[in-house]
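Everything on this sheet refers to the single structure shown next.
The values are calculated or read from the model by the stated rules, or taken from the named source; none is laboratory data. These figures come from a predicted structure and were not determined experimentally. Here the Cβ positions follow ideal geometry from the backbone for every residue, glycine too, while neighbour counts run over all protein chains shown. These accessible areas exclude ligands, DNA and RNA; they are computed on the full protein's heavy atoms, side chains included. Shrake-Rupley method; radii C 1.70, N 1.55, O 1.52, S 1.80 Å.
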Amino acid sequence: IEIYSLHVDCKVTSRFAHTVITSRIVNRANESREATFEVEIPKTAFITNFSMSVDGEVYPGIIKEKAAAQNEYDTAVSQGQSAGLVKITDRKLEQFHVSVSIAAASKVTFELTYEELLKRQLGKYELLIKVQPKQLVKHFQIDVHIFEPQGIQFLETDSTFMTNELTEALTKVQNETKAHILFKPTLDQQKKDSELDETLLNGDFVVRYDVKREATAGDIQIVNGYFVHYFAPREMPVFPKNVIFVIDRSGSMTGRKIEQTRDALLKILQDLRPEDHFSFIIFNNKVVEWKSSLLPATDENVASAAALVQTLTARGGTDINGALLTAVGVLEKAEQLPERSVSMIILLTDGQPTSGERSVEIIQENVQKAINGKYALFCLGFGFDVSYKFLEKMALSNGGIARRIYENADAALQLQGFYQEVATPILMQIEIQYPENSIEGLTKKNFKLFFEGSEITVSGKISNELDVLPVEIKAQSHTSNLTLKEEANVKEKEQVFQNQRYIFGNFIERLWAYLNIQQLLEEAISAQEEDQKALEAQALDLSLRYSFVTPLTSMVVTKPQQQEELANKPTEAG
């Protein structure tokens, strides 16, 4: 079985990435063989299309509601479930795998399309392409076209498998608003050594960039009546933080996990700013407060905390309820905190609640009642024994986010990376206003916190004939209450994307649908049951209308012998 051509074609237009992977395979044996298409795609992406054509006959994947697809599939395969086509493979990726039997000398072409909105983190966007052909490929190429009307601030490529020879196969052409990256290694350049037919191409190919920004209320772009508004203020004073680290030291944290936690915390302590206040709560079945109050992050206090971290050992049960309520108590009775400051609790745990209150529903209720919207709760779940669903619901109900920390060699870096994302809050209580009677289907427009290096994205549909789209942003910064205003000339903005070969269809409309689905699914996690159903129904409707494989839909892939398989979107919570 020979893969004679593998193309990755990616167009990024104003952060929205549309990627098509095409693999062409021929069976050079003189009997039928199994041809496999196996690619890894970012977890944040939604598959929008898949087809295979065998000897000129095309078999398209069809996207349906999950339950309906499952029923149909169960009927077709009354015995022996197949494992499904998509599974999570690592921290950032999931794998799409399909194979089909093809006759001697036959050819098959697989084509997979997926889309995602690139999210700005720590001052850059990252486009990740996983390269793993597992054999030498005669025609191999990665093509990335980027068009950013705001202008490209910087652009870099990075790869885990580059050699000097391979670098010669990489070209980068860039002007003010556009960039084209082409990676096209010959067969010789792909080889590990000239004697063997082993490929060097195995790993990540990454493009990172950022855009230019004016110091205003952000940038608005419009195509066919849909708009997207990006807002990422810079050079603002940072809010002092009051942060309580709630660290699980129960028995299951023994060994590498507690070591990596110690390493990460020592680095994080060094990153605290002098105006921050902090404290630690260490828990197993007992909850221990390091100090009874929050301390300023002076050199002396940081050194004293580092000494405590060095002594962390793991044993005992897991009283998550007691630990979190103690943390809230410390913030409640804190005195002499800076007037304008951001209070947050960062929980790190690797297990289920096994001591104290064990019902996750009651813990969620207790914590939400205690926090009462005043503090942000971030939950980090270490490994796969945690109930991620529980942590995610608790974080989202209390103005924070959850993240799974994978038990790899880089776990300490994952912990530090997460802390860096939330270490610099520069705005709070952000409200964005658009003309009410002229805009429909608006995505989320109020945000509790904004962290340096990230970006707020709002999208909607202009319902009336507007010549000008005005926007007003109200927010609190460390030093003042801000009001920022901006207006976009609709006709001028629509012109920007005319005659651009970078555009795929109504990309802002698809971006709007993608963002809406992501937000509806996130909102559903912490909603009451009736609301949850309504939110999921809206998300399902959009998933079907714009053909996205989301956690609510499935793609039915039919193979030549009428066999059916399902591609479902896995979620972190399983």
Residue pairs qualifying under the 9 Å Cβ cut-off, at least six apart or on distinct chains, with the first in region 550-566 being closer than 15 Å to Asp74 by Cβ and the second being open to solvent by 10 Å² or more (accessible area, probe 1.4 Å) and among the polar types (S, T, N, Q), are Ser554/Gln70; Ser554/Asn568; Gln563/Ser82; Glu564/Thr558; Glu565/Ser82; Glu565/Thr558; Leu566/Gln70; Leu566/Ser82
Tell me which strands (runs of 3 or more DSSP E) are completely within region 2-70 and hold 3 or more residues being touching a residue at least 12 places away in the same chain (Cβ under 8 Å) and closer than 16 Å to Val557 by Cα, or say none if there are none. 33-42, 46-54, 57-65
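Can you confirm whether Pro185 is at pLDDT below 95 and part of a loop (DSSP other than H, G, I, E, B)?
Criteria not met by Pro185.
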With Leu331, Leu337, Leu380, Leu347 as the choices, which residue is part of a loop (DSSP other than H, G, I, E, B), open to solvent by less than 60 Å² (accessible area, probe 1.4 Å) and closer than 24 Å to Phe239 by Cβ? Leu337
Whether any residue in region 43-59 is β-branched (Val, Ile, Thr) and surrounded by fewer than 16 Cβ atoms within 10 Å (Cβ to Cβ) is what I want to check. yes
Could you check, for region 330-337, whether at least one of its residues is over 22 Å from Ser279 (Cβ atoms) and at pLDDT below 95? no
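Against the definition (among the aliphatic types (A, V, I, L, M) and either crowded, with 16+ Cβ neighbours inside 10 Å or assigned to a loop (DSSP other than H, G, I, E, B) (or both)), how does Ala314 come out, yes or no?
Details: among the aliphatic types (A, V, I, L, M): yes; either crowded, with 16+ Cβ neighbours inside 10 Å or assigned to a loop (DSSP other than H, G, I, E, B) (or both): yes.
Spelling it out, Ala314 is indeed among the aliphatic types (A, V, I, L, M) and either crowded, with 16+ Cβ neighbours inside 10 Å or assigned to a loop (DSSP other than H, G, I, E, B) (or both).
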Checking Glu72 against (1) under 32 Å from the mean Cα position of the chain (by Cα); (2) at pLDDT 90 or above; (3) surrounded by fewer than 18 Cβ atoms within 10 Å (Cβ to Cβ), only one condition comes out false. Which one? (2)
Could you check, for region 444-462, whether at least one of its residues is within 30 Å of Leu269 (Cβ to Cβ), touching a residue at least 40 places away in the same chain (Cβ under 8 Å), outside any loop (DSSP other than H, G, I, E, B) and open to solvent by 20 Å² or more (accessible area, probe 1.4 Å)? yes
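Listed here are the residues, each with its yes/no results for (1) among the aliphatic types (A, V, I, L, M); (2) more than 17 Å from Val422 (Cα to Cα).
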site	(1), (2)
Leu265	yes, no
Phe278	no, no
Asn284	no, yes
Ser292	no, yes
Ala303	yes, yes
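Here is a check on your reading of the model: is Ile181 surrounded by 16 or more Cβ atoms within 10 Å (Cβ to Cβ) and within 20 Å of Val39 (Cβ to Cβ)?
Values: surrounded by 16 or more Cβ atoms within 10 Å (Cβ to Cβ): yes; within 20 Å of Val39 (Cβ to Cβ): yes.
So Ile181 passes the test.
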Selection count where residues are open to solvent by less than 40 Å² (accessible area, probe 1.4 Å), in contact with a Phe, Trp or Tyr (Cβ under 7 Å, 6 or more places away or on another chain) and over 16 Å from Leu127 (Cα atoms), scope region 201-220: 5
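Which strands (runs of 3 or more DSSP E) does region 222-288 wholly contain that include 2 or more residues that are closer than 20 Å to Gly317 by Cβ and within 27 Å of the chain's Cα centre (by Cα)? Outline the logic, then answer.
Details: elements: 226-231, 241-248, 277-283.
In region 222-288, 241-248 are the strands (runs of 3 or more DSSP E) which contain 2 or more residues that are closer than 20 Å to Gly317 by Cβ and within 27 Å of the chain's Cα centre (by Cα).
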What's the number of the only condition in (1) of a type in the set (A, V, I, L, M, F, W, C); (2) within 20 Å of the chain's Cα centre (by Cα); (3) at pLDDT 90 or above that Val86 fails to meet? (3)
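Quick one: which of Gly373, Gly399 is touching a helix residue (DSSP H, G or I) at 6+ places or on another chain (Cβ under 9 Å) and assigned to a loop (DSSP other than H, G, I, E, B)? Outline the logic, then answer.
Numbers: Gly373 fails: touching a helix residue (DSSP H, G or I) at 6+ places or on another chain (Cβ under 9 Å).
Being touching a helix residue (DSSP H, G or I) at 6+ places or on another chain (Cβ under 9 Å) and assigned to a loop (DSSP other than H, G, I, E, B) holds for just one of Gly373, Gly399, which is Gly399.
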Show the residue pairs meeting these rules: Cβ distance below 6 Å; 6+ apart or different chains; first residue within region 151-168 and in contact (Cβ under 8 Å) with a residue 24 or more places away in the chain; second residue open to solvent by 100 Å² or more (accessible area, probe 1.4 Å). Gly151/Glu176
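Any idea which of Asn366, Asn408, Asn372, Asn437 is closer than 28 Å to Gly218 by Cα and either open to solvent by 30 Å² or more (accessible area, probe 1.4 Å) or in contact with a Ser or Thr (Cβ under 9 Å, 6 or more places away or on another chain) (or both)?
One residue alone meets the criteria, Asn437.
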